[in-house]
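> Got a structure here, written out as structure tokens. Questions coming.
The values are calculated or read from the model by the stated rules, or taken from the named source; none is laboratory data. Small disclaimer: the values here were computed from a predicted structure and weren't measured. Glycine gets a Cβ as well: all are built from the backbone with ideal geometry, and neighbour counts include every protein chain shown. Ligands, DNA and RNA are stripped out before the accessible areas are found, and what is left, the full protein with its side chains, is counted by its heavy atoms. Shrake-Rupley method; radii C 1.70, N 1.55, O 1.52, S 1.80 Å.
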Amino acid sequence: MWNGSNPYLPGTDLKVWLDGKIVHMNDAKVSVFDHGLLYGDGVFEGIRAYNGKVFQMEAHMRRVYEGAGAICLKIPIGKEEFGKAIYDTLRANNLQNAYIRAVVTRGAGYLGLHPAKTANPSVFIITCALSLYPLELYEKGMPIVTASTIRNHPHALSAQVKSLNYLNNIMAQIEATQAGAVEAVMLNHQGYVAECTGDNIFAVRKGELWTPPASAGILEGVTRAVVLELGRRRRIPVCEKNMTRHDLYVSDECFLTGTGAEIMPITHIDQRQIGCGKIGVMTKQLLEDFWACTRGETDVQV
Ligand code: PMP
């Protein structure tokens with residue numbers, strides 16, 4: 001239960017970029033009439049900065065503009081200005097290594113669903129220090145469970161739209177917590193593995209790297225794309241294919257990918273031990289390669 005202190009927002013002095021201005025977090029307010037709040041009408045991005053450089057800025061900008069375009073939401077600033085605003089926010093908070101949350105809402109308007117009932121979209125950017133998981137977890141890995149909540153049908157709303165309505169994922173996250181896990185894997189409407197509540201999932205089987213395809217109704221994560229490229233560079237056969245829960249149970253290695261989690265080894269799924277029950281050889285290689293990217297030692301553009 002939240003006790004009023006937020007581990008993702010250490011300190012009380014964050015500066016937030018809101019519609020062109022840097023303001024103190026206590027003054028960063030959106031209206032109760034904002035359709036982002038009333039209807040989940042908007043899009044967001046989770047981004048990281050490492051050593052003062054925004055990681056995969058282009059890919060994140062592409063996704064947020066494409067997602068907004070797909071829901072007929074015109075972001076009031078251009079990509080370059082958006083990027084500059086992110087750097088301005090990092091600077092205002094004196095942050096070199098940070099988690100960045102960029103949000104575009106439909107804006108305040110009359111009650112009623114139609115976007116024409118709103119005036120102007122709102123953009124805000126929050127940056128904060130983040131270490132999501134303790135370092136030892138990257139060696140030890142973590143257990144996950146399968147959620148009974150299936151991933152949204154991709155024909156209802158594309159998972160590529162990272163919308164402000166995350167209830168589908170939140171329902172699965174609640175299941176994870178109730179089962180004593182931090183993440184849950186979600187299956188799709190066909191019973192195939194989709195993704196976790198806030199991460200993509202990979203399995204290693206007989207030296208091959210498998211991950212569900214976009215058609216499984218997953219968000220094509222930026223970290224996922226980086227890992228696929230790192231796998232190809234290591235000449236690992238990479239395969240985007242539908243997987244069953246059984247495929248995960250019998251995999252040699254399994255891991256999650258996401259902006260916050262980076263690459264997190266999975267040791268157990270539904271209490272079945274995966275591989276040796278700790279980080280696998282291929283996962284370790286990819287994690288080292290990934291960290292080399294975040295340190296700017298290898299350049300991967302996705
Ligand atoms: N799937 C979902 C549902 C997500 O919300 C996210 C982002 N947290 C991911 C996958 C991973 O995407 P990325 O690597 O771009 O952070």
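> Could you identify the single residue in Thr118, Thr127, Thr146 that is hydroxyl-bearing (Ser, Thr, Tyr) and over 21 Å from the mean Cα position of the chain (by Cα)? Break it down stepwise before answering.
Values: Thr127 fails: over 21 Å from the mean Cα position of the chain (by Cα); Thr146 fails: over 21 Å from the mean Cα position of the chain (by Cα).
Just one listed residue meets the conditions, Thr118.
> Mind listing whichever residues of the range 155-172 are open to solvent by 60 Å² or more (accessible area, probe 1.4 Å) and more than 16 Å from Ile218 (Cβ to Cβ)?
Passing the criteria: Asn165, Leu167, Ile170, Met171.
> Need the failing condition index for Ile47 against (1) open to solvent by 30 Å² or more (accessible area, probe 1.4 Å); (2) under 13 Å from Thr127 (Cα atoms); (3) modelled with pLDDT of 95 or more, just the number.
The one condition Ile47 does not meet is (1).
> Next up: Answer yes or no: is there a residue in the range 199-213 that is aliphatic (A, V, I, L, M) and within 15 Å of the ligand (Cβ to nearest atom). Can you show your working first?
First pass over the range 199-213, keeping only residues aliphatic (A, V, I, L, M): 201, 203-204, 209.
Of the ones still in play, those that are also within 15 Å of the ligand (Cβ to nearest atom) are 201.
The answer is yes, given that some residue of the range 199-213 is aliphatic (A, V, I, L, M) and within 15 Å of the ligand (Cβ to nearest atom).
> Given Ala179, Ala194, which one is under 18 Å from the mean Cα position of the chain (by Cα) and hydrophobic (A, V, I, L, M, F, W, C)?
That would be Ala194, the only listed residue that is under 18 Å from the mean Cα position of the chain (by Cα) and hydrophobic (A, V, I, L, M, F, W, C).
> Take Ser158 and decide whether it is farther than 15 Å from Ile71 by Cβ and out of contact with any Gly (no Cβ under 7 Å at 6 or more places or on another chain). Reasoning before the result, please.
Details: farther than 15 Å from Ile71 by Cβ: no; out of contact with any Gly (no Cβ under 7 Å at 6 or more places or on another chain): yes.
It is false that Ser158 is farther than 15 Å from Ile71 by Cβ and out of contact with any Gly (no Cβ under 7 Å at 6 or more places or on another chain).
> Filter the range 30-81 down to the residues that are of a type in the set (Val, Ile, Thr) and touching a residue at least 40 places away in the same chain (Cβ under 8 Å), then identify the one that is nearest to Tyr110 (Cα to Cα). Reasoning before the result, please.
Start the filter on the range 30-81 by keeping residues that are of a type in the set (Val, Ile, Thr), which leaves 30, 32, 43, 47, 54, 64, 71, 75, 77.
Those left that are additionally touching a residue at least 40 places away in the same chain (Cβ under 8 Å): 30, 43, 47, 54, 64, 71, 75, 77.
Details: Val30: 14, Val43: 20, Ile47: 32, Val54: 36, Val64: 25, Ile71: 19, Ile75: 20, Ile77: 23 Å.
Going through the qualifying residues, I end up with Val30.
> Filter the range 131-174 for residues that are under 29 Å from Lys278 (Cβ atoms), touching a residue at least 60 places away in the same chain (Cβ under 8 Å) and of a type outside the set (Asp, Glu) and give the result. Even if it seems obvious, please write down each step before you answer.
Looking only at the range 131-174, we keep the residues that are under 29 Å from Lys278 (Cβ atoms), and these are 131-149, 151, 169, 172-174.
Filter once more, so that each one left must be touching a residue at least 60 places away in the same chain (Cβ under 8 Å): 132-133, 137-146, 151.
Those that are under 29 Å from Lys278 (Cβ atoms), touching a residue at least 60 places away in the same chain (Cβ under 8 Å) and of a type outside the set (Asp, Glu): Leu132, Tyr133, Leu137, Tyr138, Lys140, Gly141, Met142, Pro143, Ile144, Val145, Thr146, Arg151.
Quick grid of which residues meet (1) in a loop (DSSP other than H, G, I, E, B); (2) away from the ligand (no atom under 14 Å from the Cβ); (3) among the acidic types (Asp, Glu):
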residue	(1), (2), (3)
Ile100	no, no, no
Val103	no, no, no
Gly112	yes, yes, no
Thr127	no, yes, no
Pro154	yes, no, no
Asn168	no, no, no
Gly191	yes, yes, no
Ala194	no, no, no
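> Then there is this: Consider the range 231-261. How many of its residues are more than 13 Å from the ligand (Cβ to nearest atom), open to solvent by less than 30 Å² (accessible area, probe 1.4 Å) and either closer than 21 Å to Asp299 by Cα or at pLDDT below 95 (or both)? Steps first, please.
Quick first cut of the range 231-261, residues more than 13 Å from the ligand (Cβ to nearest atom) only: 231-254.
After this cut, where a residue has to be open to solvent by less than 30 Å² (accessible area, probe 1.4 Å) as well, the list is 231, 236, 243, 248, 251, 253-254.
From what is left, the residues that are either closer than 21 Å to Asp299 by Cα or at pLDDT below 95 (or both) are 231, 236.
Count: 2.
> Just to be sure before I move on: is Arg151 modelled with pLDDT of 95 or more and open to solvent by 40 Å² or more (accessible area, probe 1.4 Å) in the structure I sent?
no
> Could you check the range 102-137 and list, in sequence order, the residues that are closer than 20 Å to Thr294 by Cα and either open to solvent by 80 Å² or more (accessible area, probe 1.4 Å) or in contact with a Cys (Cβ under 8 Å, 6 or more places away or on another chain) (or both)?
Scanning the range 102-137 gives Ser131, Leu135, Glu136.
> Which of the residues spanning the range 129-152 are within 15 Å of the ligand (Cβ to nearest atom) and small (Gly, Ala, Ser)? If you could, list the steps in order and put the result at the bottom.
In the first step, residues of the range 129-152 are kept if they are within 15 Å of the ligand (Cβ to nearest atom); the result is 130, 132-133, 144, 147, 149-152.
Answer for the range 129-152, where residues must be within 15 Å of the ligand (Cβ to nearest atom) and small (Gly, Ala, Ser): just Ala147.
> When you look at Ile75, is it part of a loop (DSSP other than H, G, I, E, B) and open to solvent by less than 30 Å² (accessible area, probe 1.4 Å), yes or no?
On the way: part of a loop (DSSP other than H, G, I, E, B): yes; open to solvent by less than 30 Å² (accessible area, probe 1.4 Å): yes.
Yes, satisfied.
> Could I ask something else about it? Which one is farthest from Met243 (Cα to Cα), of the residues in the range 174-190 that are open to solvent by 40 Å² or more (accessible area, probe 1.4 Å) and touching a helix residue (DSSP H, G or I) at 6+ places or on another chain (Cβ under 9 Å)? First the steps, then the outcome.
Pass one, the range 174-190, residues open to solvent by 40 Å² or more (accessible area, probe 1.4 Å): 174-175, 177-180, 182, 189-190.
Within this subset, residues satisfying the condition of being touching a helix residue (DSSP H, G or I) at 6+ places or on another chain (Cβ under 9 Å) are 182, 190.
On the way: Val182: 22, Gln190: 11 Å.
So, considering only residues that are open to solvent by 40 Å² or more (accessible area, probe 1.4 Å) and touching a helix residue (DSSP H, G or I) at 6+ places or on another chain (Cβ under 9 Å), the one farthest from Met243 (Cα to Cα) is Val182.
> On to the next question. Please identify the pairs in which a residue from the range 224-235 that is more than 11 Å from Phe290 (Cβ to Cβ) has its Cβ atom under 8 Å from the Cβ atom of a residue that is away from the ligand (no atom under 15 Å from the Cβ) and open to solvent by less than 10 Å² (accessible area, probe 1.4 Å), counting only partners at least 6 apart or on another chain.
So the pair list comes out as Leu228/Leu209.
> Could you check, for the range 79-87, whether at least one of its residues is at negative phi, open to solvent by less than 20 Å² (accessible area, probe 1.4 Å) and aromatic (Phe, Trp, Tyr)? Don't jump to the end; show me each part of the working.
Our first condition is that a residue be at negative phi; within the range 79-87, this holds for 79-87.
Filter once more, so that each one left must be open to solvent by less than 20 Å² (accessible area, probe 1.4 Å): 82-83, 85-86.
Those left that are additionally aromatic (Phe, Trp, Tyr): 82.
Within the range 79-87, one or more residues are at negative phi, open to solvent by less than 20 Å² (accessible area, probe 1.4 Å) and aromatic (Phe, Trp, Tyr).
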